[in-house]
Amino acid sequence: MRLALLLAAALGAATGCAMHHRAVVRTAPVPALPPAVLHSSRLWITLEGYTPEISCTQRGARPLCFERLHGAIASSLERSLWPSFPSVAVKEHGDNLAPGDYLLIVDLDVDALPPGPDGPGWSAGARGQWRLVRDGMPIAGESVASRSRADFAYGRALGAGAGEVIDALAVHIGRVLGELPETRPERPVPLPAVATRGRFGALTKQSLAKR
């Protein structure tokens, strides 16, 4: 069913016919996260399963297609994970993992949810699972789900709702991974001493205050 809707959406775009609702997924700035464990190796993100750039669902009178989905999920995860890893990037074809690199495998599906007890409007929902792997060995993982505010009309406005749930799940994953201990910490190399002279301005006042 989903594949047929995706093909219909692509055909509609090619012919210029507005046969479906278009909801461009829009994420927001990620809120400040609590202090995180600093991990020693870079992290790669890979989106697998049904996580395309366009995902269509049939809920109302016309199909609803969430657009820019793949990019929105990847961007939100990158923003949520960078405080805990020296480098965070989406793994592309040809990228090779070095020994010790982390691999975050994420599989999410976004859908439109009809009005219910939470409010009079439509919501965007996301569910799926993630797992963290290092050198082929699973470290952590879980199934996740979230639902946006029930304030949206069926159609384009649900792109903002989809952004809400994607950001919520990305922040959650960022917090969980930020609490995982680093089992292979790098030993800091001591830096050489620094000699100073000729201090002036505020630095001079600071030196006098310490006497």
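Every read-out reported here was derived from the displayed coordinates using simple, explicitly stated rules and does not represent laboratory data. Everything numeric in this text was worked out from a predicted model, so none of it was measured. Here the Cβ positions follow ideal geometry from the backbone for every residue, glycine too, while neighbour counts run over all protein chains shown.
If you filter region 91-178 for GluC sites (Glu not before Pro), then keep DSSP loop positions with at most 13 other Cβ within 10 Å, what is left? List each step's numbers first, then the result.
Values: sites: Glu92, Glu142, Glu164; in loops: Glu92.
For GluC sites (Glu not before Pro) across region 91-178 that sit outside H, G, I, E and B with at most 13 neighbouring Cβ atoms in 10 Å, the list reads Glu92.
Suppose R0 equals 41 Å. What FRET efficiency, 1/(1 + (r/R0)^6) with r the Cβ-Cβ distance, do Arg156 and Asp95 give to the nearest 0.05? Once the sixth-power term is evaluated, E becomes 0.75.
Hey, with R₀ at 30 Å, roughly what FRET efficiency would Glu179 and Thr204 work out to, going by the Cβ-Cβ distance, to 0.05? Please report the intermediate quantities before stating the final value.
Values: r = 43 Å, r/R0 = 1.44.
My answer for the efficiency is 0.10.
Computed over neighbours whose Cβ is under 12 Å from that of Pro86, the net charge equals -2, Lys and Arg +1, Asp and Glu -1.
Other residues within the sphere of radius under 12 Å centred on the Cβ of Ala72, judged by their own Cβ, net out at -2 (K and R +1, D and E -1).
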